[in-house]
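Notes follow once the structure below has been shown.
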């Protein structure tokens, strides 16, 4: 597989269900084994840290992007391939979006939701540099993201989102499904 960078959005907390941390570890391992570079929020805590550690444990490359104000609160990961410290959250997201070829969202909170919607909106508006199609994959066990997927489908029904743009946000219930989407993106960009 050609070199690709995937930005992973996820919680800086572990949440109350350990299977999400396990899913993060499984995703991280798969990214490394597929020679996919991880781009993420730069923390060593929560699901974020689990994904990064799994990539690093398999010898993969990890670029973390963290705002200076959060580098202590979210505990910036000291063992990354590269850590980029930004002045604020807006710069953080711009840098992550520019470094990524696509996005994967694991369970998380408000920040994760905001990143999912902003990345999808940037794809819809063709704001990513370079101007390539960058989908967002919602990865879980088939339950966490279901309410969001249902909501997005209702937006189509109400005429606020076209079917084409609804396709920017893809659901996957396994790491293997996510890897298949990554491979499609690589083949489409070759």
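Laboratory data are not the source of any read-out in this text; all were calculated from the coordinates shown. Everything numeric here is computed off the predicted structure, so don't read it as measured data. When we count neighbours, we look across all protein chains shown, and the Cβ atoms used for this are built from the backbone with ideal geometry, even at glycine.
With each label modelled as a point 7 angstrom along the Cα→C-beta vector, the residue 162-residue 98 pair spans 2.9 nm.
Based only on other Cβ atoms within 10 Å, what is the fewest-to-most ordering of 148, 31? Let's see the in-between values first.
Working: 148 17, 31 28.
Starting with the residue having the fewest Cβ neighbours, the order is 148, 31.
Contact order, relative form, for segment 1-78: 33 percent (alpha carbon pairs under 8 Å, 6 or more residues apart, mean separation divided by residue count). Among the DSSP beta bridges whose two residues both lie in the chain, what percent are antiparallel, rounded to the nearest 5? Antiparallel: roughly 5 percent of the beta bridges in the chain.
Per residue, the average separation of C-alpha pairs within less than 8 Å and at least 6 apart gives segment 1-146 a relative contact order of 26 percent. Relative to the longest principal Cα axis of the chain, at what angle does helix 175-189 sit, 0 to 90 degrees, rounded to 10? Orientation of helix 175-189: about 80 degrees from the principal axis. When shorter helices are ignored and each DSSP H run of at least 4 residues is given -39500 (n - 2.57), the per-residue value for the chain at 222 nm works out to -14000 deg cm²/dmol. The packing ranking of peptides 174-186, 32-44, highest mean first, is 32-44, 174-186, where packing means the average number of other beta carbon atoms within 10 angstrom of each residue. Give me the distance between the Cα centres of segment 17-65 and segment 127-175, rounded to whole Å. First find each Cα centre; the distance between them is then 22 Å. Can you give the angle from 0 to 90° between the axis of helix 146-157 and the longest principal axis of the chain, with both taken from C-alpha atoms, to the nearest 10? That works out to roughly 30 degrees. Sorting 81, 63 by the number of Cβ atoms found within 10 Å of their own Cβ, with the fewest placed first, yields 81, 63. List residues of segment 84-99, by number, whose backbone nitrogen lies under 17 Å from a label position 7 Å along Cα→C-beta of residue 151. The answer is none.
Between residue 83 and residue 57, the C-beta separation translates, for a Förster distance of 25 Å, into a calculated FRET efficiency of about 0.90.
Counting 0.36 nm for each residue step from residue 129 to residue 91 and taking away their Cα separation leaves a gain of 12.2 nm.
Report the extension gain between residue 117 and residue 176 in nm, rounded to one decimal, defined as 0.36 nm multiplied by the number of residues separating them, less their alpha carbon distance. Intermediate results must be reported in sequence, preceding the final value.
Numbers: separation 59, 0.36 × 59 = 21.24 nm, distance 2.35 nm.
Value of the extension gain: 18.9 nm.
Counting only alpha carbon atoms, the long axis of helix 89-99 and the longest principal axis of the chain meet at about 80°. When mean projected area of the Cα convex hull in nm² is computed from the coordinates, the matching label among (i) 10.8; (ii) 9.9; (iii) 15.2 is (ii).
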